[in-house]
Every structure is written in C-alpha cells, then in structure tokens.
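Peer 1: To start, I am sharing the structure in question, which I have written as structure tokens.
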Amino acid sequence: MSESVIPPALGPSDLGPDTTPVAYETGGPDNAVAYVTLNRPEYRNAQNSVMTYSLDAAFRRAVDDASVKVIVLRANGKHFSAGHDIGTPERDFDTFYDNVATLHWDHTDKSGADQRLAREIEVYMGMCRRWRDIPKPVIAQVHGACIAGGLMLAWICDFIVASEDAFFSDPVARMGIPGVEYFAHAFVLGPRRAKEILMTGDRFTAAQAADWGMVNHVVPRDDLAAKVDEIAAKVVAMPMQGLFLSKKAVNICEDNMGLRNSMDSVFGWHHYAHAANSEASGGDSLGGMDAKSMKASATAGGGS
C-alpha cells in the first residue's frame, strides 16, 4: 500500500471547475452540456480508484441534472489518459470504497486472485458497463495519449473526437495479458486490427483510428474543443427521448452481436493471465512490468 495520503473520492456535490482528480462544469446552449474533465495531469491522468469513483460521481451529477442533455468527457494536461494507475504515489489498490457498479464483496480483505477479481469486477468492468449505459449521449474529446485503460474510457462514449496529435495503444500483452478488462477491441477495431495492435503493442494514430471506424472525427489540436462543441450543440437540439432511445437501440444491437458475452469470456482469460503471472513470479500479477518499463517498451517499440 502507498504511504501517501490518499484523498477521498469526490461526491456529486464536491465537484467543481477546478476539482481534482475530476472537474465538472456546464456550458453550451442553455447550459445543457456537462463537461467532465480528467484532472490528474501530473500523472498523465492515470486512473486510480479515487479518479474512478470521482468520475462516476460526475456522471451521476450529469444524469441527475434535467437541464443536461449531453456529456463531454475530456482531460487536462498533455494527455487524455495513460491508463490504469500502476505506479504513482497515490495508487490505491488496497483502499476500500463502497461498491456502486456491482453488488460484490469487498476486495481489501481478500488475497490473490480473489482480491484482483473482486476489485476489477467493480472498478474496471462494472464501472465501464455502468457508464456505457448512461442514458444521455457522451462524447469523448481525446488528445495526446490514450493508452490501455484510457481506451476503456473512450470506448464507453458514444462519439470519439480526437486531435491530430492523439495516439492510442493497448500494450498489456507485454504483461502476458490479453488486453484491458473492457475488451471491446474486436468490435471497435475489427478482428484483424485488434489482433495487430494487441500482438505488436504498437501505437496507432488518430487518423488510423478514424479510418478503422473507432473515431468519428480528427481535427487539429487547436480546433478540438470547438469541434466537440459543434457536435454537442447539434445533439442538444434533439429531443431527449430520441437521444436516449437511439443510444439504447444501438447498444442493444452491439450486445446482440455478442459484445457483452464476449467481454465476460475474455475477462475470465484476463484473470487467468494475472493468476498465471502471479504463480510464476511469486506474487507479481503484472508479469514483471511496471509504469516505467511499459512506457520504455512502448517508446522502443515505435509503431505507426
């Protein structure tokens, strides 16, 4: 456990334009756009549980606010998100939080595979599924790095608008793990592209992501916020019932094509990989990798 003092997660009423690790404000036509901002820039917006639960509080506030019709998920700093927190002083793997996404037991009094599974069912798989089902449209505004767990945040959104300098990757096969927990890869990239980015660990650009169908629009960095606001204004002009039902309809189709069941299956193999790593190394479920080695290997690996 980290010796740093872990700040409490923010509740809906704690959020504001400058709060950390998540900020919240409204704007746009009739203040109908909620801007939810990842605000842990000193750690490249790596996601610890404080951020995860604070993010959930921000989404809860936006859903409960009848004046909000669309949510924008964005980030402060140089990068959208470097993924899950596996090495900052505020990594809070061993900290207890009340579950909000799942009805499951506390992970902090468990050990080994049971601990990892209990935690990841809640903070990774459960949270992402909860957010995918938000009844209001969500637009991801992505710049800089969107790595591993960052992909999960972007993928739960209904639209992804990226700046030209954005880049994406899921390099966790370097840990012996088959991709991040919210395994939408084959659905958002197609099976062959999914295999390529997983098996090489290579980064792919915003332009490639748009060509492959993962991203809606790519614009210059200076135009990113304006492009997102343009789309949000069009969405705001639509009736809320039409927005909710359109989103529901497409999500139903994805699930009927196997998205949810596929994720459940891969999630089991994901945890097999954690357990196999731990057994082989005497307790290291990440296959000997940490934040520094992951960053170094990604830089060395290059990619297009």
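The values are calculated or read from the model by the stated rules, or taken from the named source; none is laboratory data. Here the structure is a predicted model, which means the values were calculated and not measured. Neighbour counts run over all protein chains shown; Cβ positions are idealised from the backbone, glycine included. Just so you know, the surface numbers come from the protein's heavy atoms only, side chains and all, with ligands and any DNA or RNA stripped out. Shrake-Rupley method; radii C 1.70, N 1.55, O 1.52, S 1.80 Å.
Peer 1: How far is helix 291-301 tilted, in degrees, relative to the longest principal axis of the Cα atoms in the chain, given as a value from 0 to 90 rounded to the nearest 10?
Peer 2: 80
Peer 1: What per residue convex hull volume, in Å³, do the alpha-carbon atoms of the chain yield?
Peer 2: 127
Peer 1: Given R₀ = 25 Å, FRET efficiency for Glu254-Arg60 by Cβ-Cβ distance, to 0.05?
Peer 2: According to the calculation, E is roughly 0.60.
Peer 1: OK, next. Using just the helices of the chain, give the 222 nm mean residue ellipticity in deg cm²/dmol: DSSP H runs with n ≥ 4 each add -39,500 (n - 2.57), and the total is spread over all residues, rounded to 500.
Peer 2: Result for the chain: -12500 deg cm²/dmol, rounded to the nearest 500.
Peer 1: As I understand it, the value is the acute angle between the Cα axis of helix 49-64 and the longest principal axis of the Cα atoms of the chain; what does it come to in degrees, rounded to 10?
Peer 2: The angle comes out near 20 degrees.
Peer 1: Order these peptides, 50-58, 164-172, 196-204, 218-226, by their mean beta-carbon neighbour count within 10 angstrom, highest first.
Peer 2: 50-58, 164-172, 196-204, 218-226
Peer 1: Direction-averaged shadow area of the convex hull around the Cα atoms of the range 1-45, nm²?
Peer 2: Answer in nm², one decimal: 4.0.
Peer 1: Follow-up question, since we're still on this one. Could you point to the residue in Met294, Phe93, Ala184 farthest towards the positive end of the chain's charge dipole, with +1 and -1 charges on the Cβ of Lys/Arg and Asp/Glu respectively?
Peer 2: After comparing all options, I get Ala184.
Peer 1: On a 0 to 90° scale, report how tilted helix 191-200 is relative to the longest principal axis of the chain, with both axes built from alpha carbons and the result rounded to the nearest 10.
Peer 2: Tilt relative to the chain: about 50 degrees.
Peer 1: Net charge around His274, counting only other residues with Cβ within less than 12 Å of its Cβ (Lys, Arg = +1; Asp, Glu = -1)?
Peer 2: -3
Peer 1: Let me ask something else. Assigning unit charges at the beta carbon (Lys, Arg +1; Asp, Glu -1) and nothing else, what dipole magnitude in debye, to the nearest 20, does the chain show about its Cα centre?
Peer 2: That gives the chain a dipole magnitude of about 720 debye.
Peer 1: Please state the relative contact order of the chain as a whole percent: Cα pairs under 8 Å, 6+ residues apart?
Peer 2: That works out to 16 percent.
Peer 1: Taking only protein heavy atoms into account and a 1.4 Å probe, give the accessible area per residue of the range 1-111 in Å².
Peer 2: For the range 1-111, the per-residue accessible area is 46 Å².
Peer 1: Now for a separate question. Have a look at Gly28, Cys146, Ala209 and report the one farthest towards the positive end of the charge dipole of the range 20-299, computed about the Cα centre with Cβ charges (Lys/Arg +1, Asp/Glu -1).
Peer 2: Ala209
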